[in-house]
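I have placed the structure first, in the form of structure tokens, so that the comments after it can refer back to it.
Any read-out appearing in this document is the output of simple, stated calculations on the displayed coordinates, not a laboratory observation. Since the model is a prediction, treat every value here as computed from it, not as a measurement. Here the Cβ is made from the backbone with ideal geometry for all residues, glycine too, and neighbour counts use every protein chain on show.
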Amino acid sequence: MTIQGAVLRAPSYFVLAALLDGPLHGYVIIKRVEALSDEAVRLAAGSLYAVLDRLAEAGLVEVVSEEIVNGRARRYYALTPDGEDTVRAEAARLAAAADIVTNQALRRRVLGTTAVRPA
Amino acid sequence: MSDPLARRYGLLLLAYPSEYRERRGDELLGTVLDDASPQQRWPSGREAVSIVAQGLRARLGAARCRTPGAVWSEGLQMGALLLLGFAVAGPVDDLFQGAGWSVRTGIVVLLALAGIVATLRARWIVALALTAAGLTVLLLDRWLSWWFGAAVVALAVLAVRFRSARRARSAEWLLVAPAAVAVAQLPDRVALPVGVAVIAGFVLVCLIGVALDPRIPIAGAWLLVAIALDNTAGFRLYGDIPDSDTRFVVHPAPVSYVLLAMVAGLFLAGHVRSRQLTRL
């Protein structure tokens with residue numbers, strides 16, 4: 001098992017996670033990110049669009065539709081196939097890292113017989 | 001935009017460049033208004049800070065650097081431009097002091113100006129050759145200019161390590177020379193508090209740079225490199241008669257150590273922030 005460094009920062013991870021169930025517009029993404037992260041990640045609008053710009057440039061999200069509400073543009077963002085792969089791979093990496101802590105049997109198996117016993 | 005809250009958010013959005021506002025302004029405004037309570041009349045502090053910070057990042061062009069390498073190459077380029085600006089400022093300052101220019105001084109200024117143009121056009125090798133020529137001409141006069149010296153080092157790093165990173169800067173950067181001339185005049189023409197204000201302003205700009213644009217502390221550090229080296233090594237005059245006994249001396253002044261510690265701090269802060277800000 002190999003656990004490499006995190007690919008995504010927390011805001012990007014939760015934005016991608018928020019989009020797993022379908023396209024959303026900016027305000028709903030902010031609220032979903034808050035809920036999914038148990039309010040650990042609270043994105044201001046300026047930060048949200050900076051994250052969306054980076055993810056769009058990396059080809060992980062895309063604008064899929066646009067509507068006018070109260071005279072203002074409202075765009076809906078969706079995961080691209082790459083975006084879905086990336087967030088699922090990151091989730092698997094985090095789950096594997098969590099397993100090392102919570103699963104004693106796995107920890108023993110990984111350490112095997114080469115483990116150094118504490119003094 | 002009759003709603004006072006929308007109007008106030010609209011003012012904050014001016015922090016973004018106009019191209020970004022045309023593309024995103026309406027959408028961003030809609031999102032912050034969706035998140036506002038019905039009675040709210042003023043932008044929340046959190047949203048205001050975020051909009052201004054991200055707007056300034058977009059305006060500075062920091063957001064387009066997607067790797068730490070891109071941040072370093074642009075920081076080095078900006079640093080070289082600042083150094084060459086001050087290389088021009090020295091001889092111009094002499095002119096203001098009433099000292100005439102020799103042909104050699106004129107050549108040095110032309111080389112520095114040509115170096116600025118080549119650097120802002122991202123022609124590293126040409127800029128390096130021009131800057132090294134300026135340094136050599138001054139050395140023939142037994143004058144070691146660390147503005148040129150540090151610029152040679154910065155451009156050599158760009159030519160060797162960042163050969164393919166060739167992002168030209170806007171022509172506005174030509175103003176670096178007159179700006180450096182203006183700054184170089186300050187200590188002679190104004191009272192001490194203004195000199196202190198210039199240093200405080202430099203530190204403040206670097207701190208803002210650490211938060212918003214890591215290219216700024218990297219570029220600013222190069223100015224301190226030149227000042228630290230100027231206080232460490234160079235041709236020094238001995239005796240009463242000018243040019244009677246000029247020797248090359250390496251003797252670091254205490255301030256050099258302070259400046260080099262600041263350089264290390266600025267490079268480190270710029271590097272760490274560049275890694276943080278360019279991560280997805």
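Hey, what D do you get for the protein assembly as shown in µm²/s if you plug the Kirkwood alpha-carbon radius into Stokes-Einstein at 37 °C and 0.692 mPa s? My calculation gives 132 µm²/s for D. Oblate is the label for region B:79-118, because a/c, from the alpha-carbon gyration tensor with a ≥ b ≥ c as root eigenvalues, is 1.5 or above and a/b does not exceed b/c. Entry note, chain A: relative contact order of 26 percent, from Cα contacts under 8 Å with a spacing of 6+ residues.
The mean number of Cβ atoms from other chains found within 10 Å of a Cβ in peptide B:46-54 is 5, as a whole number. Under the rule a/c < 1.5 gives rounded, and otherwise a/b versus b/c splits prolate from oblate, where does region B:1-108 land using the Cα gyration tensor? Verdict is prolate for region B:1-108. Normalised Debye scattering of chain A at q = 0.18 Å⁻¹ gives log10 I(q)/I(0) of -0.92, counting only Cα atoms as equal scatterers and leaving out solvent.
Counts of other chain beta carbons within 10 angstrom of each beta carbon in peptide B:19-32 average 5.
How large is the charge dipole for region B:129-237, taken about the Cα centre, if only the Cβ atoms of Lys, Arg (+1) and Asp, Glu (-1) carry charge, to the nearest 20 debye? Kindly include the intermediate steps, with their values, before the conclusion.
Numbers: 9 positive and 5 negative charges, 78 e Å.
Roughly 380 debye, rounded to the nearest 20.
Helix B:124-140: angle to the longest alpha-carbon principal axis of chain B, degrees 0 to 90, nearest 10? Roughly 40 degrees, rounded to the nearest 10. This ranking places A:I68, A:I100 by how few other beta-carbon atoms lie within 10 Å of each, fewest first, which gives A:I68, A:I100.
The mean number of Cβ atoms from other chains found within 10 Å of a Cβ in peptide A:22-28 is 3, as a whole number. Within the shell defined by Cβ-Cβ distances under 14 Å, the residues around B:L81 carry a net charge of +3, with Lys and Arg each +1 and Asp and Glu each -1. Here the Debye sum runs over all C-alpha atoms of chain B as equal scatterers in vacuum, and log10 of I(q)/I(0) at q = 0.09, 0.13, 0.14, 0.16 Å⁻¹ comes out as -0.52, -0.94, -1.05, -1.27.
With runs of 4+ DSSP H residues as the only contributors, calculate the mean residue ellipticity of chain A at 222 nm using -39,500 (n - 2.57) per run, divided by the residue total and rounded to the nearest 500. List each step's numbers first, then the result.
On the way: 5 runs with 63 residues, N = 119.
Helices in chain A give a 222 nm mean residue ellipticity of -16500 deg cm²/dmol.
Charges at C-beta only: +1 for Lys and Arg, -1 for Asp and Glu. How large is the resulting dipole of the protein assembly as shown about its Cα centre, in Debye rounded to 20? List each step's numbers first, then the result.
Working: 41 positive and 33 negative charges, 164 e Å.
Charge dipole, the protein assembly as shown, about its Cα centre: 780 debye, nearest 20.
Among B:I107, A:I30, which comes first, then next, by fewest other beta-carbon atoms within 10 Å?
On the way: B:I107 15, A:I30 24.
By the 10 Å Cβ count, ascending, the order reads B:I107, A:I30.
Exposed loop sites here are trypsin sites (Lys or Arg not before Pro) assigned a DSSP state other than H, G, I, E or B and surrounded by at most 11 other beta carbons within 10 Å; excluding them, the longest clear run of chain B is B:42-162.
Report, in debye and to the nearest 20, how large the dipole of region B:1-109 comes out about its Cα centre when Lys and Arg carry +1 and Asp and Glu carry -1 on their Cβ. Walk me through the numbers before you get to the answer.
Working: 12 positive and 11 negative charges, 16 e Å.
My answer is approximately 80 debye.
Once C-alpha pairs closer than 8 Å and six or more residues apart are averaged by separation and normalised to the residue number of chain B, the relative contact order reads 21 percent.
For B:M78, B:M262, which order do you get if you count the other beta carbons within 10 Å of each Cβ and list the fewest first?
Details: B:M78 23, B:M262 19.
Ranked by crowding around the Cβ, least crowded first: B:M262, B:M78.
In chain B, the calculated helix contribution to ellipticity at 222 nm averages -22500 deg cm²/dmol per residue, counting -39,500 (n - 2.57) for every DSSP H run with n ≥ 4.
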